[in-house]
């Protein structure tokens, strides 16, 4: 990320060197985006237009810089956010605003996002100007606000991944490509570099300190919005992840049972079709288009070998439309992808859903029972999964496998393994 340009005391900013000298720029994320990022696009456009206007001499930027030691000028708390010291400064900031902005705005919408960004920028600028009355110099740039947005993204979507484009502009090592890191990993790395930079320069004022001010403000604002339920992270925020209270930590066996039987589902679909005919609704609704877009995105992620990302998209869609169902092929591919990745607990609810929805699920039922027993130490749940099967209708290998699972499950129960809310203790 480009450093907030500070001319009062120049220090080499390590994160600026590491990120921008290698041209590491966020370009995409698998985080669920419920709102089109109009606010992020607006901020990027405004910053770019201001930079171009200043570059062509349409106005003098000096009166709008955040000045130190020249009194308090509240208008500069806002105007300095839209000024940049050069093209690379602008480029780095705008890419990072895009990468982390769409994550935050995607959860709260344009109004709250603009309020978040401007509040972070204005408050951090106010703190700088008020506290640095004995320092001569000035600063400009939106980096402190962007660091605050990055920290909020870290708090709200730590497990989501971000795709970064990179370029190493060294002749002997020249390379261009992309890589993926979780928001938790990348943001933690960047913040660690800033802390080390601050320590290295004996906590003297510099870009790293200004960035950390924005980051600390982001911590306070992000946690406050979580505590006040002003944002819905679906149980995947950093606090929930750290305390093991994520959505997937719920009992995967009990919570995965459908809220309606196959007959109920058919009746519900029939009622929906009947209502649509009465309403003369022959056009595709916005909700239906959204569902199709979700299905396409899930197929893309599965084709790219990203089952965890596909699961997040599915969970996000079901949060808005609880009765959303994947097609048989995609549901099977998603569960197998999760199993191959060793994500047993995440796969079990989908395996159970498959069992309830489709008739040709005997093999899946046995597979699920085996996973519940061998990977999750849940003998009672495994026996419940096998209970509907009639041994006389099973092939010899499946019948043998069921007997083995049943025997081991009863042995575990006899040895004292208990399940509380479906979990072994």
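In this calculation the C-beta distance from residue 41 to residue 133 is compared with R0 = 25 Å, giving a FRET efficiency of 0.10. If R0 is 45 Å, the Cβ-Cβ spacing of residue 227 and residue 396 corresponds to a FRET efficiency of close to 0.20.
For residue 387 and residue 292, calculate 0.36 nm times their separation in residues minus their Cα-Cα distance, and state this gained length in nm to one decimal.
30.6 nm
With no solvent and one point per C-alpha, what does the Debye sum give as log10 I(q)/I(0) for segment 18-92 at q = 0.13, 0.17, 0.22, 0.23 Å⁻¹? Debye intensities relative to I(0), on a log10 scale: -0.55, -0.85, -1.09, -1.12.
Relative contact order, percent, of segment 5-242 when contacts are C-alpha pairs under 8 Å separated by at least 6 residues? Numbers along the way, then the final one.
Working: 397 pairs, mean separation 68.7, N = 238.
After rounding, I find 29 percent.
With the simple model of a label 7 Å out from the Cα in the direction of the Cβ, residue 72 to residue 182 spans 4.3 nm. Calculated FRET efficiency, residue 340 to residue 414, Cβ-Cβ distance, R0 = 41 Å: about 0.80 to the nearest 0.05.
Normalising the average separation of contacting C-alpha pairs (under 8 angstrom, six or more residues apart) by the number of residues puts the relative contact order of segment 359-425 at 36 percent.
In what order do 194, 353, 325 fall by count of nearby beta-carbon atoms within 10 Å, going from fewest to most? List each step's numbers first, then the result.
Working: 194 25, 353 19, 325 15.
Ascending number of Cβ neighbours within 10 Å: 325, 353, 194.
Summary of the geometry: segment 16-87 and segment 117-163, compared by the centres of their Cα atoms, lie 11 Å apart.
Read the figures in this text as sums done on the coordinates, not as results from a lab. Computed from a predicted structure; not experimentally measured. Don't worry about glycine lacking a Cβ; one is built from the backbone with ideal geometry, like all the others, and counts go over all protein chains shown.
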